[in-house]
Amino acid sequence: MTDHLISVVVPFYNNADLLGDCLASIAAQTHSDLQVVMVDDGSADGSAAIARAQAAADPRFELVSVRNGGPGWARNHGVAAATGEFLAFVDADDLLPPDAYATMLEVLGRSGSDFVSGGVLRLSAAGLGRSGLHARAIRARRLGTCISAAPELFYDISVWNKLFRRSFWDVAELSFPEGMLWEDLVAMTEAHVLARSVDVITDPVYHWRDRDKGAPSITQSRADAGNFRDRFTALGMIDDFLRARGSPAMLRQHQHKALVNDLWLYVRDLPGTSADYQAEFTKLAAGYLLQVSPGLTGELPSSHKLAYSLISAGRQAELIEFARWLAAHPGRTPPMVRVRGRLRADLPLREDRALAIPAEVFRPQWRELDPYVAVESIAWQPEPEPEPEPEPGSPAGPQDGSRPAALRITGWAYVPSMDIARRRHATKLVVLVPRGRRRPPLVLPARQLKRPDVTAASGQDRYSYDWSGFSCDLSTRLLRSGRRWLTGTWDCFVLVRGRAVWRPARLHAAGPLPADPGPRLIAPGLTLAARWTGGRLEVRLGPDPAAGPL
């Protein structure tokens, strides 16, 4: 799809420091059939002059000037001026990788979906890194899905990592709420619910700037009371929409996301805010909690349950005390203790009988004990020494030209808040699950490795994770049954034991991806390769591309 016009809406307000780089990244797109609608939302700096210069230099760019009305107002004016078959949005302080629109357009051309959402990288002074918010939504490549089948898409609420069919946008009557922040939360949730089908791809299509200089972005301005007021307004609008156009399951899923993510961001920020801010936030949060689906707070992590229990009880002083504790203990999992044989979160106020906080609040959610995992290296091991001479009359090794080898996976994994100071306290099993095929998984025992550096890097001194290291060899011999090779893609998991607690997790990279060991030819025309999708490890056994069809 090379001759399809994409209209790109770029609202800006006082972005003179970064607008030029943003526009240059759009102009450099490998898909060049663009209409770029730059919307000046009443800027008072030199932004408009930069936009006018770009329009004069490149006829694909045009400038629309409006009085200041906020992001939703500016985007709606941009959409009104757009004439393309497809519609995209870019914020004026962010960047696009060169193939962003070509990649998304090609996907929509094959799938026929209403829009596509792509992966996002966070752009900071240190370079490009993973966007944690988008990693929750953009987990794996899925074409032709929808939010009812993939509720993690409630986290996919940014407008700029998407390419829409304009026909869908118009039929769905989508627009951005005006006069408020967080307008994209509302519009994008509505888009996901109204879409017949959407595509999700992990390819990075957007570089989202973390502003460390100049005015902070909306996302970085949570200390402003107007920011959380508008967030509560947006959450209420979405809940009302889901009651009218969605389903009870969708409403519950959105409210779960709101409590885990949206409100929680402000709870953690409370210690650095004023008393008036804290009082107003507590009041609005208590009102929101009153209308969430029954039993929903009981499904949350224990730290969330405690905070929302204090908010519902009107205990603002204790809430701020707990928020200070959270600031001093930023880990995902709180300390754990056993009470009459059962695990309980060892959080502040647990033993304060005067507060009478229900014991259920301190019961950990299953996912709170999700393992911390990092794959640090993947490497091919030398082929084994030749086997002893066979007995007379028996076949001498594999008869199909196969070449035994092993792919060694090395890293660390531990269940948080479970002390593993000794080897016997920990176990790891690497599990390969075949994708889309009715085959049993492969379960491989891993060697335990001592890693005191992991304990040192954990940011706490209550638990030892010294025996978190592991190494596991995936022998190519395991990928055949008799004379038949078990071709296909295998997703890689690790089953981790800390003391008496077992938990599964995907094998993934915690930081930069390890060096690629490259594919290995293990039989004539057949290769085994490790690859990463969304930071998660998978292995693929299939035809050697260089050899042609098997």
For the ranges 448-456, 510-518, 202-210, what's the packing order if you count other beta-carbon atoms within 10 Å of each residue, average per peptide, and put the highest first? 202-210, 448-456, 510-518
Nearest-5 percent of antiparallel DSSP beta bridges in the chain? 75
Given the range 6-209, what percent of its DSSP beta bridges are antiparallel, to the nearest 5? 30
For SER475, the residues 5 or more places away or on another chain with a placed amide H closer than 5 Å to its own amide H are LEU407
Dipole magnitude of the chain about its Cα centre, charges +1 at Lys/Arg Cβ and -1 at Asp/Glu Cβ only, in debye to the nearest 20? 2760
Relative contact order of the chain (C-alpha contacts under 8 Å, at least 6 apart) in percent is 9
Sort 498-509, 340-351 by the packing proxy (mean of other Cβ within 10 Å over each peptide's residues), most packed first. 498-509, 340-351
Lysine pair count for the chain [Cα-Cα under 22 Å; pairs on different chains or 8 or more apart]: 5
In the range 432-460, whose amide N lies under 18 Å from the spot 7 Å out along Cα-to-Cβ of GLU376? List them in ranges. 446-460
What percentage of all Cα-Cα pairs in the range 6-209 are separated by more than 31 Å? 12
So for the range 427-521, what are the equivalent ellipsoid semi-axes in whole Å, largest first, each being the square root of 5 times an eigenvalue of the Cα gyration tensor? 30, 16, 12
Please express the Cα-Cα pair-distance distribution P(r) of the range 225-368 as a list of whole percents, one per 10 Å bin, running from 0 to the bin with the greatest distance. 11, 41, 35, 12, 1
So for the pair ALA317, ARG243, with labels modelled 7 Å out along Cα→Cβ, what separation do we get in nm? 3.6
In terms of modelled amide H atoms, which long-range or inter-chain residues lie less than 5 Å from the amide H of SER117? ASP199, VAL200, ILE201
How much of the pair distance distribution for the chain lies past 36 Å, counting alpha-carbon pairs only, in percent? 45
What are the ³J(HN,Hα) values, in whole Hz, obtained from phi via the Karplus relation 6.51 cos²θ - 1.76 cosθ + 1.60 with θ = phi - 60°, for each residue of the range 522-533 in sequence order, with x given for Gly and Pro? 10, 7, x, x, 10, 10, 10, 9, 9, 8, 10, 10
Show me, for the range 415-432, the HN-Hα J-couplings you get by feeding each phi into the Karplus relation (A = 6.51, B = -1.76, C = 1.60, θ = phi - 60°), rounded to Hz, glycine and proline as x. 7, x, 6, 10, 6, 10, 6, 10, 4, 5, 7, 9, 8, 10, 10, 8, 10, 9
In percent, how large is the relative contact order of the range 225-368, given Cα pairs closer than 8 Å and 6 or more residues apart? 23
Residues whose placed amide H lies under 5 Å from that of VAL64, excluding near-sequence neighbours: MET38, VAL39, ASP40
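Each reported figure results from applying straightforward, stated rules to the coordinates on display, with no laboratory input. Nothing here was measured: the structure is a model prediction, and the numbers come from that model. With ideal geometry, Cβ positions are generated from the backbone for all residues, glycine too; neighbour counts draw on all protein chains shown.
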